[in-house]
Amino acid sequence: TVMIIDDNADIRDAVKTALMLEGYAVIATENRDEALEAISQAAPAVILMDHEMTGISARTFLEQLQDRQGTPKVVLMTAGMKAREHADELGLLYVLMKPFDYTVLMNLVRRLTTRTKPILSHEEPCQC
């Protein structure tokens, strides 16, 4: 299962549709508060999270997420110029730059959902 957290309905719906067409189960939420609620009922393997959103901060969301069993891999989606810096501050390895290409999105999700070993700290971060 892949979760999308984005307050932009157009992006959220486009990503959801693309993932569903590839056979992924998808949970789409408008904000991080809704996402935490949904995660308590279904554990996604990957979370695609917009960076600039209202509600709880990305940092608070990630802290609350770590308290749960089976922490998913989180990808920061952003159009911000300091994307890698923000991801590093949050401890995230993956950044998906908006606007992103369908192929880049699908390759990243496939890579993250088929990986069986934990991500190693020395692995090269992906700034897609």
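For the chain, with all protein chains present and a 1.4 Å probe, just round the carbon and sulfur fraction of the accessible area to a whole percent.
So the carbon and sulfur contribution to the accessible surface is 50 percent.
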Interchain or sequence-distant (5+) residues whose placed amide H lies within less than 5 Å of the amide H of M77 are M49, D50, H51, L96
Keeping every protein chain in place, order T17, T60 by accessible area at 1.4 Å, biggest value first, i.e. largest first. T17, T60
Taking the radius of gyration and the Kirkwood hydrodynamic radius from Cα positions alone, what is the Rg/Rh ratio for segment 1-75, to two decimal places? 0.93
Given a Förster distance of 25 angstrom, what is the FRET efficiency for D7 paired with T114, based on the Cβ-Cβ distance and rounded to 0.05? 0.30
Considering the Cα trace of the chain, what is its radius of gyration and what is Dmax, both in angstroms? 13.3, 35
Contact order normalised by length for the chain, with contacts defined as Cα pairs under 8 Å and 6 or more residues apart; what percent is it? 21 percent
Once amide H atoms are placed 1.01 Å from N in the peptide plane, what residues at a sequence separation of 5 or more from I56, or on another chain, have their amide H within under 5 Å of its amide H? R32, D33
Give the ranking of S57, S40 by solvent-accessible surface, highest area first, calculated with a 1.4 Å probe. S40, S57
Loop only by DSSP, 15 or fewer other Cβ within 10 Å of the Cβ. Give me the trypsin sites (Lys or Arg not before Pro) in segment 58-109 that pass, ordered by residue number. R68, K82
With every protein chain kept in place and ligands, DNA and RNA left out, what is the accessible area per residue of segment 65-109? Probe 1.4 Å, answer in Å². 53 Å²
What percent of all Cα-Cα pairs in segment 25-68 falls in each 10 Å bin, counting up from 0? 26, 64, 10
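The values are calculated or read from the model by the stated rules, or taken from the named source; none is laboratory data. Nothing here was measured: the structure is a model prediction, and the numbers come from that model. In this analysis, Cβ positions are derived from the backbone assuming ideal geometry, glycine residues included, and neighbour counts consider all displayed protein chains. Accessible surface areas use protein heavy atoms only, side chains included; no ligands, DNA or RNA. Shrake-Rupley method; radii C 1.70, N 1.55, O 1.52, S 1.80 Å.
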